[in-house]
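Accompanying notes for the structure given below.
The values are calculated or read from the model by the stated rules, or taken from the named source; none is laboratory data. It should be emphasised that the depicted structure is a prediction, and the values quoted were computed from it without experimental measurement. As a convention, Cβ positions derive from the backbone with ideal geometry for all residues, glycine included, and neighbour counts pool all protein chains shown.
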Amino acid sequence: MTKRLQGKVAIITGAAQGIGFATARKFLAEGASVAVCDMRREGVDAAVDALSPLGDVEGHVVDVTKRDQVDAMVDAMKSRYGRIDVLVNNAGITLDARLQKMTDDQFDKVIAVNLKGTYNCSQAVIDTMVGQGSGVILNASSVVGIYGNFGQTNYAASKFGVIGFVKTWSRELGPKGVRCNAVAPGFVSTPILHTIPDKVLTQMKERVPLRRLGEPEDLANVYAFLASDEAAYINGAVIEVTGGLTV
């Protein structure tokens with residue numbers, strides 16, 4: 001049976017842990033060649049070591065806010081494989097504070113990574129995708145990027161913003177064979193939750209009709225579907241993966 005991403009070349013940012021790592025693992029299992037991108041060498045190396053037995057994977061140390069680093073990574077992938085089929089813009093950070101307390105630095109850093117970083121990576125791959133007449137760009141939004149959240153002015157703005165990218169790019173790039181979609185996770189069990197008290201985690205689970213947090217694999221499965229030809233007519237969509245949180 002042919003794997004759904006067989007022969008495809010994918011770049012995944014923020015892939016050293018959490019949802020990004022699970023997505024890299026899923027893409028490899030589905031036959032893709034994968035670039036694992038993250039900011040820290042030790043994280044990238046550990047991810048590549050763990051994933052190498054599953055398929056063709058290489059690591060790149062990339063700060064998505066640095067366009068020269070992004071361009072170098074994309075050039076290396078294009079040089080090796082001759083094409084780029086999928087970009088998963090997963091890299092993101094949070095620096096939370098209420099509007100009255102938020103600093104310019106907190107605001108600027110989140111916008112730089114989550115919004116400008118997504119722009120940088122997408123613009124870096126798009127000429128290749130358009131040139132080959134096919135490609136998929138997948139942006140990591142959030143339930144916060146649809147409904148907002150207390151104390152997350154910067155994060156909400158960035159995650160609303162990447163939905164705006166998708167809505168615009170799907171119009172611009174759809175006629176050229178490139179599909180663009182966003183995924184909006186709810187509460188997902190990733191390292192970012194390790195500092196949250198058990199009582200709060202229990203309350204979070206109780207808000208979800210399925211009575212559990214999402215697992216990184218729940219998101220990875222959706223990314224793999226959207227990256228595949230099975231999703232050939234899905235363009236400009238925002239897929240909520242929340243366990244029914246917003247019902």
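Here are the numbers for this structure:
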{"item": "Options ALA157, ALA184: the member that is small (Gly, Ala, Ser) and not in a helix (DSSP H, G or I)", "result": "ALA184"}
{"item": "Flag if ASP63 is farther than 24 Å from LEU226 by Cα, charged (D, E, K, R) and buried (at least 17 other Cβ atoms within 10 Å of the Cβ)", "result": "yes"}
{"item": "Pairs where the first residue, in segment 203-227, is within 16 Å of VAL34 (Cβ to Cβ) and modelled with pLDDT of 95 or more and the second is surrounded by fewer than 16 Cβ atoms within 10 Å (Cβ to Cβ) and among the aliphatic types (A, V, I, L, M), C-beta under 7 Å, 6+ apart", "result": "LEU226/ILE234"}
{"item": "Residue in segment 48-57 that is among the charged types (D, E, K, R), in a strand (DSSP E or B), under 15 Å from PHE21 (Cα atoms) and at pLDDT 95 or above present", "result": "no"}
{"item": "Selection from segment 75-96 of residues that are touching a Cys at 6+ places or on another chain (Cβ under 8 Å) and at positive phi", "result": "none"}
{"item": "Answer from ALA72, ALA35, ALA47, ALA15 - the residue that is among the hydrophobic types (A, V, I, L, M, F, W, C) and in contact (Cβ under 8 Å) with a residue 60 or more places away in the chain", "result": "ALA15"}
{"item": "Scan of segment 160-181 for residues that are in a helix (DSSP H, G or I) and within 18 Å of the chain's Cα centre (by Cα), ordered by number", "result": "PHE160, GLY161, VAL162, ILE163, GLY164, PHE165, VAL166, LYS167, THR168, TRP169, SER170"}
{"item": "Top-ranked residue in segment 71-103 [being within 18 Å of the chain's Cα centre (by Cα), over 20 Å from VAL178 (Cα atoms) and of a type outside the set (A, V, I, L, M, F, W, C); ranked as modelled with the lowest pLDDT]", "result": "THR94"}
{"item": "Single residue of segment 86-121 satisfying the filter (small (Gly, Ala, Ser) and over 21 Å from PHE21 (Cβ atoms)) that is surrounded by the fewest Cβ atoms within 10 Å (Cβ to Cβ)", "result": "ALA97"}
{"item": "First in segment 174-194 and more than 24 Å from ASN235 (Cα to Cα), second anywhere and small (Gly, Ala, Ser), Cβ under 6 Å, 6 or more apart", "result": "VAL188/GLY214; THR190/GLY18; PRO191/GLY18"}
{"item": "Failed condition for ARG40, given (1) over 22 Å from SER142 (Cα atoms); (2) crowded, with 17+ Cβ neighbours inside 10 Å; (3) out of contact with any helix residue (DSSP H, G or I) (no Cβ under 7 Å at 6 or more places or on another chain)", "result": "(2)"}
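So that you can scan it fast, the table gives a plain yes or no per residue for (1) closer than 18 Å to VAL9 by Cα; (2) out of contact with any Cys (no Cβ under 8 Å at 6 or more places or on another chain):
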residue	(1), (2)
VAL34	yes, yes
MET39	no, yes
VAL48	yes, yes
PRO53	yes, yes
HIS60	yes, no
VAL70	yes, no
